[in-house]
Amino acid sequence: MAVTLTRKLWTVDEYEEMIEKGILDEDDRVELIRGEIVKMAAIGPRHATCIRRLEKLFYGLLDEAGIVSGQNPIRLPNDSEPEPDVALLRQRVGDYVQTHPTVEDVYLVVEVAVSTLATDRSEKIPMYAEAGIVEAWIVSLEEDVIEVYSNPDNGEYKTMRVAQRGETIALPASLPGVVSVDEVLG
Amino acid sequence: MAISIPRKLISVDEYERMIEEGVLTKYDRVELIRGEIREKMPINPPHAGCVIELTSIFYDLLGKTVVVSVQSPVRLPNGSMPEPDVALLKRQGEAYHRRRPTVEDIILLIEVADSTLKSDREEKMPLYAEVGVPDYWIANLVDGVIEVYSNPVGGTYQRVHIARRGESVVLPGGLPGAVSVDEVLGS
């Protein structure tokens, strides 16, 4: 039976070793998704502005209740180390100095989609669901909505809600406050 | 499983560093093909037997006039570092102790194909033709022939000859002697 050559997949440990040893460096804008090292899309002004808005909103709501982390790695059990645009993390002793946050530390991930909506839905959301991230949002600047995914079960989010302008979204995991869709989309 | 987000391509230098730093170890049976690190197939007896035959035939015919290199990396300019089953390389003194063989050192590359026939034709062949590897053989265990490719121009081999059982293949590059298809493929 004929086969074609399969790509080598990396573990998170191998990926972090490459970063530690400078084989991957700051010029490599990459993430690890299910064992594959993939390129991150460059961030244009619309994308960057939306990230800043989200960070500001979250800071305002959370105060000491959680940590707002923008574009930093999180370690997932399915050979993935993505860098979600914004993540809400729980307070942890040692403050993530030694190791990146893992699933249990993450209240929420938010991806801002300008041109990447299709791959955010087809690659990122299933990856987060599989890993057990309790809630994930896609802020779609093209469609002008926020897609709210929750209840990960068996590799999929069982609940998805499309939040429109004029609506609000409660923060997950009984964190205080709600976020207004209009404030996020600007 | 295919991924729709563009993969980062790994350069030959990055790949060499991964090996140097032990991120890739001897347990990783991999090759670098156009910036992608690919798993190699495990080698079963018919495949291994064929490599053994080729190696011993080349030593008999050529002795120390050339280097016979088995499943070792060659560094190619198209972002690749494959490990062809058998490579005939020019003698370069002690150079291969210090550096990888490159295209200029290559006389002939041979891939032994059983389950890898498709990729040996569709991935390896263009890879080698593109960079000007002068002669390429596929020892095709599936069909019981040796496919003889030569004269790379514009990324493809212009001459193809299928050598069948009972026939011989003349050595390339003006080297003396010929190789019997039966001896290479075994019975």
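Throughout, read-outs are computed from the coordinates displayed, never taken from laboratory work. The structure presented is a predicted model; accordingly, all values stated were derived computationally and were not measured. Cβ atoms come from the backbone with ideal geometry, glycine included; neighbour counts cover every protein chain shown.
Residue by residue through the stretch B:112-140, note down the ones that are more than 14 Å from B:VAL86 (Cα to Cα), within 13 Å of chain A (Cβ to nearest Cβ), part of a helix (DSSP H, G or I) and of a type in the set (D, E, K, R).
B:LYS118, B:ARG121, B:GLU122, B:GLU123
Can you work out which of the residues in the stretch B:15-41 that are facing another protein chain (nearest Cβ under 7 Å) and in a helix (DSSP H, G or I) is farthest from A:GLU14 (Cα to Cα)?
Selected residue: B:ARG17.
In the stretch A:1-33, how many are at the interface with another protein chain (Cβ under 7 Å from one of its Cβ atoms) and in contact (Cβ under 8 Å) with a residue 60 or more places away in the chain? Spell out the reasoning first.
Start the filter on the stretch A:1-33 by keeping residues that are at the interface with another protein chain (Cβ under 7 Å from one of its Cβ atoms), which leaves A:1-8, A:14, A:17-18, A:21, A:23, A:28, A:30, A:33.
After this cut, where a residue has to be in contact (Cβ under 8 Å) with a residue 60 or more places away in the chain as well, the list is A:33.
Adding up the residues that qualify gives 1.
So B:TYR59 passes all but one of these: (1) over 20 Å from B:SER180 (Cα atoms); (2) surrounded by fewer than 18 Cβ atoms within 10 Å (Cβ to Cβ). Which condition number does it fail?
That leaves (1) as the condition not met.
Among the numbered conditions (1) touching a residue at least 60 places away in the same chain (Cβ under 8 Å); (2) under 18 Å from A:ALA131 (Cβ atoms), tell me where A:GLU36 comes up short.
Result: A:GLU36 fails condition (1) only.
Residues that are surrounded by 13 or more Cβ atoms within 10 Å (Cβ to Cβ) and under 14 Å from the mean Cα position of the chain (by Cα): list the strands (runs of 3 or more DSSP E) wholly contained in the stretch A:93-186 that include at least 3 such residues. Steps first, please.
Details: elements: A:106-113, A:135-140, A:145-153, A:156-163, A:168-170, A:178-180.
By residue number, A:106-113, A:135-140, A:145-153.
Being within 14 Å of another protein chain (Cβ to nearest Cβ) and more than 20 Å from A:VAL68 (Cα to Cα) is the filter here, so list the residues in the stretch A:93-124 that pass it.
Listed by number, the residues that qualify are A:SER115, A:THR116, A:LEU117, A:ALA118, A:THR119, A:ASP120, A:ARG121, A:SER122, A:GLU123.
Which members of the stretch B:148-160 meet the condition of being surrounded by 15 or more Cβ atoms within 10 Å (Cβ to Cβ) and either of a type outside the set (A, V, I, L, M, F, W, C) or in contact with a helix residue (DSSP H, G or I) (Cβ under 7 Å, 6 or more places away or on another chain) (or both)?
Pass one, the stretch B:148-160, residues surrounded by 15 or more Cβ atoms within 10 Å (Cβ to Cβ): B:148-150, B:152, B:157.
Of everything in the stretch B:148-160, those that are surrounded by 15 or more Cβ atoms within 10 Å (Cβ to Cβ) and either of a type outside the set (A, V, I, L, M, F, W, C) or in contact with a helix residue (DSSP H, G or I) (Cβ under 7 Å, 6 or more places away or on another chain) (or both) turn out to be B:TYR149, B:SER150, B:PRO152, B:TYR157.
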